[in-house]
Amino acid sequence: MFHEVTYLILLNTGIIFEEIKFPVNRLKIVGLKEVLEVSKPRIIVLLVITAITSMYAASILIAHKPLDNMVLLHLIVAGALSSAGSSALNHFYDRDIDPLMKRTSTRPIPSGRMAARSVLVYGLAVSCISVIYAWVFLNPISTFFIALGIFFYVIIYTVWLKRSNWSNIVIGGFAGSCASMAGWAAATGSMDVLGALVGILVFVWTPSHFWCLAMKIRDDYAEAKVPMLPVLIGMQKTSKYILLNTAILLPYSVMLVAFGLGYVYLGVALVSGGLMLVYHYKLTKTPTSDFAWKAYKVTAPYLTIIFVGIALDAAFHFPVIR
């Protein structure tokens, strides 16, 4: 009787993913915390910000019309679902190497708080729902980029490149670009040159950002035999690649004013990109995990800042080139 009552209580307060076996202490209950963890909410927020700021900028600068709030809401839902689903699939695929790395060893699957099969089902379901939702409520171009983002993150980065080639994060970074392009297309129904260039900002930024993190947790990646750049060529050379990548990012970001962005964006790009360049130069002089973490903290907010700058530039537009 006690077991039956306990089971009924658990059934009404959580989600039971494993086969129910008595005694009761064998039951695995999954709550909101675990679902959020496999969804990677920080990545969701970052990608949604790039999508909505891109949509706003495209509405004002290209479509020349006010922001459509209903389309914006549908973009947020579809974008959040696609990011959550692909992140969960990343958790599922990496279930064998996550226990080997200190940073990921406490994730829901390796810690035993969530069954791998449950994460797989959740990831596949949410990813498919995001594409269907986008197809119904957004336009075909936005839907294409949402689906492409899932494909790049799950198949190209996670399954193919992450464990086989140092270029994993370079090529895989295009997944983040798809969020911006989906937002741009949500406003315009197409993809123009400026929209593509804005999206590629994410692609160019990603190596500087992720290689700083890889320097911080180099030993983890080495233990798991993941060929991140610091594992293959060491800290000193990696710091130089980071500086080189940022030296490409800064003029690339400034170059966007030639395609229609204005002085507000230019100021944001120069200040934020310049700060990254300074820290990444210092990193070459002190290529340690501790300083790499400091550089990572400078690099991490860049994407949010630059895309908010794009939106502000659209709101207060003073074109550099007329």
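Brief remarks on what is shown
- Cβ-Cβ under 8 Å pairs, at least 6 apart or on other chains, the stretch 204-230 side without any contact (Cβ under 8 Å) to a residue 24 or more places away in the chain, far side open to solvent by less than 30 Å² (accessible area, probe 1.4 Å) and of a type outside the set (Ser, Thr, Tyr): PRO230/TRP211; PRO230/ALA214; PRO230/MET215
- Flag for SER105 being more than 17 Å from the chain's Cα centre (by Cα), small (Gly, Ala, Ser) and under 19 Å from LEU32 (Cβ atoms): no
- Within the stretch 255-278, the set of residues being open to solvent by 20 Å² or more (accessible area, probe 1.4 Å), more than 19 Å from ALA300 (Cα to Cα), in contact with a helix residue (DSSP H, G or I) (Cβ under 7 Å, 6 or more places away or on another chain) and not in a loop (DSSP other than H, G, I, E, B) comprises PHE259, VAL264, LEU266.
- Among residues of the stretch 78-124, those that are of a type in the set (D, E, K, R) and outside any loop (DSSP other than H, G, I, E, B), counted: 5
- Looking across the stretch 155-187 at every residue that is open to solvent by less than 40 Å² (accessible area, probe 1.4 Å) and among the hydroxyl-bearing types (Ser, Thr, Tyr), the one that is nearest to ALA58 (Cα to Cα) is identified as SER180.
- Among the residues of the stretch 148-175, those identified as in contact (Cβ under 8 Å) with a residue 40 or more places away in the chain, among the aliphatic types (A, V, I, L, M) and within 18 Å of LEU47 (Cβ to Cβ) are ILE150, VAL154, ILE169, ALA175.
- Pick from the stretch 121-132, criterion under 19 Å from LEU32 (Cβ atoms) and hydrophobic (A, V, I, L, M, F, W, C), ranking: least open to solvent (accessible area, probe 1.4 Å): VAL126
- Some residue of the stretch 203-211 being assigned to a helix (DSSP H, G or I), modelled with pLDDT of 95 or more, over 23 Å from ARG103 (Cα atoms) and open to solvent by 10 Å² or more (accessible area, probe 1.4 Å): yes
- Looking across the stretch 29-55, the residues that are touching a Gly at 6+ places or on another chain (Cβ under 8 Å) and either more than 30 Å from ALA115 (Cβ to Cβ) or not in a helix (DSSP H, G or I) (or both) come down to ILE29, VAL30, GLY31, THR50, ALA51, ILE52, THR53, SER54, MET55.
- Any chance ALA196 is in a helix (DSSP H, G or I), open to solvent by less than 40 Å² (accessible area, probe 1.4 Å) and over 25 Å from GLY274 (Cβ atoms): no
The values are calculated or read from the model by the stated rules, or taken from the named source; none is laboratory data. Computed from a prediction, not measured in an experiment: that's the story for all the values here. In this analysis, Cβ positions are derived from the backbone assuming ideal geometry, glycine residues included, and neighbour counts consider all displayed protein chains. What goes into the accessible areas is simple: the full protein's heavy atoms, side chains included, and nothing from ligands, DNA or RNA. Shrake-Rupley method; radii C 1.70, N 1.55, O 1.52, S 1.80 Å.
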